[in-house]
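Visitor: Below are the structure tokens for one structure; questions will follow.
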Amino acid sequence: MPSSTSSSDGAWRMAGTVLGWAARKLGFAAATLALAVLLGEVFMHLFMLPTMRYDPDPELHTVYRPSQRAITWQGNYSIPTPPFTINSDGNRGAETDWTRPVILVLGNSEVFGPGLRDHETWCHVLQTRLDAAGAAPGFEVVNGGHGGYGPYHHAVYFERILSRHPVHTAIVQVTTGDRIFHRPAGPAASGGLYAFIRDNLYFVRYLVNKAKAQKASLRRALVPLWSRERPDTSDPEFLAAAEGMWAEHEGNWRRIVEAGAGRGVRVVFLVINPLRRKGDTLLYERLAAWARERENVHALELGPPAYGLGDVPDERLEAVYRERLTLGFDLHANPERHRLVAEAVYAFLKGL
């Protein structure tokens, strides 16, 4: 009959065998993962441009890092965009000739144009249109669009540009879609491991951002249907959103007007409203009231007719808009929508 000591020794040997097997498997898995990450880094460094790089900013949280050629990702961080250019001023496109009369365009990512090539953004199309028409004086259109920027950011950025360069006209995009962009608490994190990963490890940064993009979808998928949070449909016309925006940002829009008046800059508020939302029209009406009182202020609302959607009934408007004028895999505007905006803005400026 075996002793208790021999039984105990056998158990320890078995445990050691299992732990050794697990350690070998984990070591193999870790080595495989490290090799996969290394190969991913090599591939992305050799065959892909880096993802957009940002610099921290004390007032704006982040700004585009000047002088870069980069991409970003769309479609839930699954599809790389065409390459885009950030010039030495931190704006999209070629270098700016500040000796020419400048039309500075301020807005969010819809102005910047993710998913489009540099020449497809409406700022570039407007530039081409002005050049072809031989407009005098020869204007220079500056794409100052920045993803995540709202009215507060536009005011700060406008004042910075004015402190460095003369501006002839400022076009300021206005939309209730900017209601989620508030004044930041401070600059983005910088330095240390975060900055090293952000600037040097393209594949690791991609994996981290991909995981963040999937987080909301995974969380929602794991929640039972009966307990999922329902979308808020209490403000279908965005009237409450517009009132909230006006309360928060009226001062920022006035700040832009006053800064422009002090430098003789013509300010055009461009209200984007392809879906005929009453909230966006409300913002337009209030800004148009300013335009009637101030010589340097103008307002333009681009409703469905500007996008070729004037005859589309309300119940089909959003579906038709998405089909015709967005990228499809992403809700950002496609080249056709940018072309239509450029044509409408050109016609408006020509009539001033």
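The values are calculated or read from the model by the stated rules, or taken from the named source; none is laboratory data. Everything quoted here is computed from the prediction, not taken from an experiment. Heads up, the Cβs are rebuilt from the backbone with ideal geometry, glycines too, and the neighbour counts pull from every protein chain shown.
For every residue, the table says whether it meets (1) out of contact with any helix residue (DSSP H, G or I) (no Cβ under 7 Å at 6 or more places or on another chain); (2) within 30 Å of Leu39 (Cα to Cα); (3) free of Cβ contacts under 8 Å to residues at least 12 places away in the same chain.
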| site | (1), (2), (3) |
| --- | --- |
| Ala170 | no, no, no |
| Gly177 | yes, no, no |
| Arg183 | no, no, no |
| Gly186 | yes, no, no |
| Gly191 | yes, yes, yes |
| Tyr194 | yes, yes, yes |
| Asn200 | yes, yes, yes |
| Val208 | yes, yes, yes |
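Visitor: Kindly indicate which of Ala247, Ala241, Ala289 is assigned to a helix (DSSP H, G or I) and either within 29 Å of Phe139 (Cα to Cα) or of a type in the set (Asp, Glu) (or both).
Guide: Exactly one of Ala247, Ala241, Ala289 is assigned to a helix (DSSP H, G or I) and either within 29 Å of Phe139 (Cα to Cα) or of a type in the set (Asp, Glu) (or both), namely Ala289.
Visitor: What are the residues in region 292-319 that are part of a helix (DSSP H, G or I) and touching a helix residue (DSSP H, G or I) at 6+ places or on another chain (Cβ under 8 Å), if any?
Guide: Scanning region 292-319 gives Pro304, Ala306, Tyr307, Leu317.
Visitor: What do you reckon, is Tyr152 surrounded by 20 or more Cβ atoms within 10 Å (Cβ to Cβ), at pLDDT 95 or above, more than 25 Å from Gly115 (Cβ to Cβ) and not small (Gly, Ala, Ser)?
Guide: Yes; evaluated as a whole, the condition is true for this residue.
Visitor: Any chance you could count how many residues in region 63-92 are part of a loop (DSSP other than H, G, I, E, B) and either among the hydrophobic types (A, V, I, L, M, F, W, C) or modelled with pLDDT of 95 or more (or both)?
Guide: So the count comes out to 11.
Visitor: Next question, about the same structure. Here are the criteria: (1) hydrophobic (A, V, I, L, M, F, W, C); (2) in contact (Cβ under 8 Å) with a residue 24 or more places away in the chain; (3) surrounded by fewer than 18 Cβ atoms within 10 Å (Cβ to Cβ). Tell me which single one Val297 does not satisfy.
Guide: Among (1) hydrophobic (A, V, I, L, M, F, W, C); (2) in contact (Cβ under 8 Å) with a residue 24 or more places away in the chain; (3) surrounded by fewer than 18 Cβ atoms within 10 Å (Cβ to Cβ), the lone unmet condition for Val297 is (3).
Visitor: So, of the residues in region 266-286 that are of a type outside the set (Val, Ile, Thr) and not in a helix (DSSP H, G or I), which turns out to be nearest to Pro304 (Cα to Cα)?
Guide: Only one residue fits best here, namely Pro274.
Visitor: Quick test for you: out of Gly303, Gly264, Gly310, Gly279, pick the one residue that is free of Cβ contacts under 8 Å to residues at least 12 places away in the same chain and either within 30 Å of Gly75 (Cα to Cα) or small (Gly, Ala, Ser) (or both).
Guide: Unique residue meeting the criteria: Gly310.
Visitor: When the residues of region 117-145 are filtered to those that are part of a loop (DSSP other than H, G, I, E, B) and in contact with a helix residue (DSSP H, G or I) (Cβ under 6 Å, 6 or more places away or on another chain), which remaining residue is farthest from Met52 (Cα to Cα)?
Guide: Phe139
Results for (1) over 18 Å from His165 (Cβ atoms); (2) crowded, with 21+ Cβ neighbours inside 10 Å, shown as yes or no for each residue.
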site: Gly113; (1), (2): yes, yes
site: Glu120; (1), (2): yes, no
site: Arg129; (1), (2): yes, no
site: Pro137; (1), (2): no, no
site: Gly148; (1), (2): yes, no
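Visitor: Looking at Phe84, Phe158 in this structure, which one is buried (at least 18 other Cβ atoms within 10 Å of the Cβ) and either assigned by TED's automatic domain parsing to the domain that holds Val208 or closer than 23 Å to Gly328 by Cβ (or both)?
Guide: Phe84
Visitor: Further question on the same structure: Look at region 156-203 and say how many of its residues are under 17 Å from the mean Cα position of the chain (by Cα) and not basic (Lys, Arg).
Guide: Count: 13.
Visitor: Could you check, for region 283-291, whether at least one of its residues is out of contact with any Lys or Arg (no Cβ under 7 Å at 6 or more places or on another chain), at pLDDT below 95 and assigned by TED's automatic domain parsing to the domain that holds Val105?
Guide: no
Visitor: Got at least one residue in region 220-232 being assigned to a helix (DSSP H, G or I), modelled with pLDDT under 80 and surrounded by 10 or more Cβ atoms within 10 Å (Cβ to Cβ)?
Guide: Scanning region 220-232, I find at least one residue that is assigned to a helix (DSSP H, G or I), modelled with pLDDT under 80 and surrounded by 10 or more Cβ atoms within 10 Å (Cβ to Cβ), so the answer is yes.
Visitor: I've got another one for you. For region 325-340, which positions are surrounded by fewer than 17 Cβ atoms within 10 Å (Cβ to Cβ) and in contact with a Leu (Cβ under 8 Å, 6 or more places away or on another chain)?
Guide: Glu336
Visitor: If we keep just the residues of region 87-101 that are closer than 13 Å to Val63 by Cβ and among the polar types (S, T, N, Q), which is surrounded by the most Cβ atoms within 10 Å (Cβ to Cβ)?
Guide: Here the answer is Asn91.
Visitor: What number of residues within region 320-351 are part of a helix (DSSP H, G or I) and modelled with pLDDT under 95?
Guide: 2
Visitor: Whether any residue in region 121-129 is in the same structural domain as Arg266 (by TED's automatic domain parsing), under 21 Å from the mean Cα position of the chain (by Cα) and among the β-branched types (Val, Ile, Thr) is what I want to check.
Guide: Checked region 121-129: at least one residue is in the same structural domain as Arg266 (by TED's automatic domain parsing), under 21 Å from the mean Cα position of the chain (by Cα) and among the β-branched types (Val, Ile, Thr).
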